[in-house]
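Input: a single structure, listed below in structure tokens.
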Amino acid sequence: MFITFEGLDFSGKTTQAQLLVEKLRALQESAGDRNHVVHFIREPGGTKISERIRAILLDKEHLEITDTAELLLFSASRSQLVSQVIIPALRKGETVVCDRYCDSTTAYQGYGRGLNLEAVRSVNRLATAGTDPDITFVVDISVVEIEHRKAKAGIAFDRMESAGKQFYERVRNGYLEIANNEPGRLVVIDGATAIQNVEHEVWQSVERKLALS
Ligand code: TYD
């Protein structure tokens, strides 16, 4: 099974992805199934090459990166991850949980930066070799709440996190539109509620998928 988590920076999606991985691993353990691996990866990153591309993408000094170069770099990183990690794992019947995947590219580079959506779709198809998640959680949160969380975090932001409010509004709307177009794969969850509520909703959807598979 291939599960991805999506959402704006500071939406809490990484926490939710981690909680799900712990739960799936505990489930395997209690079933005595030590051979079933649950991979937890994040994008951009997850392979030696992809981590190097990540460093280029998030470096605050790299303000000259064009929108198209940004699209291609995220996608190059993904292509490497898909062929080195995701496809081999799925072929072995293992579980892959990924913190961000190609919906990030559609939302950030397509809707956020305003690149042609059809071109983004083609690049996504090329980078993923048609490997689509079985289920994708969009942890949805308002941009106002994101601003609160950013201010509270009091940390230095990377190049992507330094984007303005309007950019984030476009990305958020992008995610909601993608979810609207593919209701069978994407599940939108209200990220403004308590962590345990979000965790519970995620688990219910995963259980439903597991029961069907
Ligand atoms: P990261 O520090 O991993 O953020 P997060 O914890 O929110 O996932 O940085 C990834 C950044 O890159 C994040 O701002 C979203 C952005 N991004 C894109 O713009 N396009 C993409 O295809 C991906 C995978 C990420």
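No lab work stands behind these numbers, since they all come straight from the coordinates. Keep in mind the model is a prediction, meaning the values are calculated, not measured. Neighbour counts are summed over all protein chains in view; Cβ atoms, including those assigned to glycine, are modelled from backbone coordinates with ideal geometry.
Quick notes on this one:
- Helix 67-81 and the longest principal axis of the C-alpha atoms of the chain enclose an angle of approximately 20°.
- Loop-resident sites, segment 1-91, for GluC sites (Glu not before Pro), counting at most 10 other Cβ within 10 Å (DSSP): GLU61, GLU64
- Phi angles across segment 133-142 convert, under the Karplus curve 6.51 cos²θ - 1.76 cosθ + 1.60 with θ = phi - 60°, into 3J(HN,Hα) values of x, 6, 8, 10, 9, 9, 7, 9, 8, 6 Hz, Gly and Pro given as x.
- Neighbours of THR4, meaning other residues whose beta-carbon lies under 13 angstrom from its beta-carbon, give a summed charge of -1 when Lys and Arg score +1 and Asp and Glu score -1.
- Taking segment 88-176 and dividing mean pair separation by its residue count, relative contact order in percent (alpha carbons under 8 Å, at least six apart): 42
- Spin-label model distance (nm) - ILE49 vs GLN84, 7 Å beyond Cα toward Cβ: 0.8
- The angle between the Cα long axis of helix 195-212 and the main principal axis of the chain comes to about 60°, on a 0 to 90 degree scale.
- Using a simple spin-label model with pseudo-atoms 7 Å out from Cα toward Cβ, ALA156 and ILE56 lie 2.2 nm apart.
- Partner lysines whose Cα lies under 26 Å from the Cα of LYS165, excluding those fewer than 8 positions away in the same chain, are identified as LYS13, LYS60, LYS150, LYS152.
- Computed [θ] at 222 nm, helices only, for the chain once each DSSP H run of length n ≥ 4 contributes -39500 (n - 2.57): -16000 deg cm²/dmol
- Potential extension, LEU63-ARG34 segment - 0.36 nm per residue separation minus Cα distance: 5.9 nm
- Here each label is just a point 7 Å from Cα along the line to Cβ, and for GLU118 and SER205 those points are 3.0 nm apart.
- LEU126/ALA194 FRET efficiency (R0 35 Å; Cβ-Cβ; nearest 0.05): 0.30
- The mean sequence separation of alpha-carbon pairs under 8 Å and at least six residues apart, normalised by the residue count of segment 37-97, gives a relative contact order of 50 percent.
- Pair-distance profile P(r), taking every C-alpha pair of segment 2-212, with 5 angstrom steps and integer %: 1, 7, 15, 20, 21, 17, 11, 5, 2, 0, 0
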